[in-house]
Amino acid sequence: MADSPENTAAPAESETIATEMSAEAAAQAEASAVVEAVLFTTDSPLTATKIATAAELPGRLVKKAITELNERYEQVGAAFRIEAIAGGYQMLTLPAYRDVLSRLLRSKSDSRLSQAAMETLAIIAYRQPILRADIEAIRGVACGEVLRGLLEKGLVKIVGRAEVLGRPMLYGTTRRFLEAFGLGGLDDLPRVEELRSGAPESARTTAATEPSQDDDDSAKPEPEQEQAQKTSDEMPNEDELEDDIEDDDDDDLA
């Protein structure tokens with residue numbers, strides 16, 4: 001017995017509806033992923049209109065995506081949600097993690113470098129291995145406390161002792177220094193000419209009177225540095241380091 005036209009049309013219509021529903025679900029999933037990416041990269045609330053503009057999506061899909069994302073975050077036990085704040089939406093961590101994040105932010109704040117520390121670190125990076133006396137000669141001020149701070153932060157280390165009277169310590173940068181500044185190696189440090197090209201005209205005029213980093217004379221290590229001993233058995237312990245810095249501070253006061 002042949003199927004009637006009505007019976008033939010029913011499966012076809014159901015298949016069409018299923019296809020449309022599948023396409024709509026795929027479009028919503030893509031919209032949710034795009035909205036999540038937009039909110040993940042911003043540190044301030046965004047209105048639904050701004051999100052829709054950036055993601056090139058209809059406004060209705062944006063709000064639906066936010067609802068679906070929050071449901072997913074809750075199901076998997078995520079530590080954050082998309083919250084409505086200040087007329088917009090922002091991805092925020094849950095209040096339960098406030099204490100942990102406060103300790104992290106406080107730690108980051110404590111690790112910030114002062115201007116003096118940045119200047120000292122730059123000198124060491126470009127002139128290492130270098131004596132403390134040479135650092136102070138370049139900066140024109142004592143740097144005992146600054147050096148101590150850089151050592152504690154793991155950005156600077158003692159790489160040996162110079163073969164001169166008193167055998168003073170030589171300083172250099174660490175692997176952590178490279179990681180903190182996103183450098184693959186010391187060869188990735190900006191060239192002096194590049195730094196000067198971005199300086200004000202007055203600063204470039206003053207810098208022009210100083211020898212270039214690429215001059216042959218400056219490229220040669222100082223005699224004291226050539227004789228640096230980097231063997232592990234000559235590395236100072238903490239007490240020696242403390243005495244060295246304190247003795248130099250006493251000399252500065254005298």
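When the test is whether a residue is at pLDDT 90 or above, of a type in the set (A, V, I, L, M) and in a strand (DSSP E or B), Ile135 does not pass it. Give the residues of the range 147-197 that are in contact with a Lys or Arg (Cβ under 9 Å, 6 or more places away or on another chain) and under 16 Å from Ala133 (Cβ atoms), sorted by residue number. Once the filter is applied, which keeps residues that are in contact with a Lys or Arg (Cβ under 9 Å, 6 or more places away or on another chain) and under 16 Å from Ala133 (Cβ atoms), the range 147-197 yields Leu147, Val159, Gly160, Arg161, Arg167, Pro168, Met169, Leu170, Tyr171, Gly172. With respect to the conditions (1) outside any strand (DSSP E or B); (2) surrounded by 15 or more Cβ atoms within 10 Å (Cβ to Cβ), Asp43 falls short on a single one, namely (2). Pairs linking a residue in the range 159-179 that is touching a residue at least 12 places away in the same chain (Cβ under 8 Å) and of a type in the set (S, T, N, Q) to a residue that is surrounded by 13 or more Cβ atoms within 10 Å (Cβ to Cβ) and not in a helix (DSSP H, G or I), with Cβ atoms under 7 Å and 6 or more positions apart or on different chains, are Thr173/Gln128; Thr173/Leu155; Thr173/Val156; Thr174/Gly154; Thr174/Leu155; Thr174/Val156; Thr174/Lys157. What do you reckon, is Arg72 under 28 Å from Leu101 (Cβ atoms) and either in contact with a Cys (Cβ under 6 Å, 6 or more places away or on another chain) or in a helix (DSSP H, G or I) (or both)? Against the criterion (under 28 Å from Leu101 (Cβ atoms) and either in contact with a Cys (Cβ under 6 Å, 6 or more places away or on another chain) or in a helix (DSSP H, G or I) (or both)), Arg72 qualifies. Listed conditions (1) within 26 Å of the chain's Cα centre (by Cα); (2) surrounded by fewer than 20 Cβ atoms within 10 Å (Cβ to Cβ) are all met by Pro168, apart from (1).
Within the range 46-69, can you find the residues that are assigned to a helix (DSSP H, G or I) and in contact (Cβ under 8 Å) with a residue 40 or more places away in the chain? Answer for the range 46-69, where residues must be assigned to a helix (DSSP H, G or I) and in contact (Cβ under 8 Å) with a residue 40 or more places away in the chain: Ala48, Glu68. Within the range 97-120, being over 25 Å from Ala180 (Cα atoms) and either in contact with a helix residue (DSSP H, G or I) (Cβ under 9 Å, 6 or more places away or on another chain) or at pLDDT 90 or above (or both) holds for no residue. Kindly indicate whether any position in the range 34-43 is at pLDDT below 90, over 27 Å from the mean Cα position of the chain (by Cα) and not charged (D, E, K, R). No: zero hits.
Is it the case that Ile82 is assigned by TED's automatic domain parsing to the domain that holds Pro45, in contact with a strand residue (DSSP E or B) (Cβ under 8 Å, 6 or more places away or on another chain) and at pLDDT 90 or above? Against the criterion (assigned by TED's automatic domain parsing to the domain that holds Pro45, in contact with a strand residue (DSSP E or B) (Cβ under 8 Å, 6 or more places away or on another chain) and at pLDDT 90 or above), Ile82 qualifies.
Taken across the range 9-31, residues that are at pLDDT 85 or above and within 29 Å of the chain's Cα centre (by Cα) do not occur at all. All of Val141, Val164 fail the test of being out of contact with any strand residue (DSSP E or B) (no Cβ under 6 Å at 6 or more places or on another chain), at pLDDT below 90, of a type in the set (A, V, I, L, M, F, W, C) and part of a loop (DSSP other than H, G, I, E, B), apart from Val164.
Exactly one residue out of Ile124, Ile82, Ile66 is surrounded by 15 or more Cβ atoms within 10 Å (Cβ to Cβ), under 30 Å from Val141 (Cβ atoms) and touching a Phe, Trp or Tyr at 6+ places or on another chain (Cβ under 8 Å): that is Ile124.
The values are calculated or read from the model by the stated rules, or taken from the named source; none is laboratory data. As the structure is a prediction and not an experimental result, all values here were calculated from the model. A quick note on method: Cβ atoms are made from the backbone with ideal geometry, for glycine too, and the neighbour counts reach across all protein chains shown.
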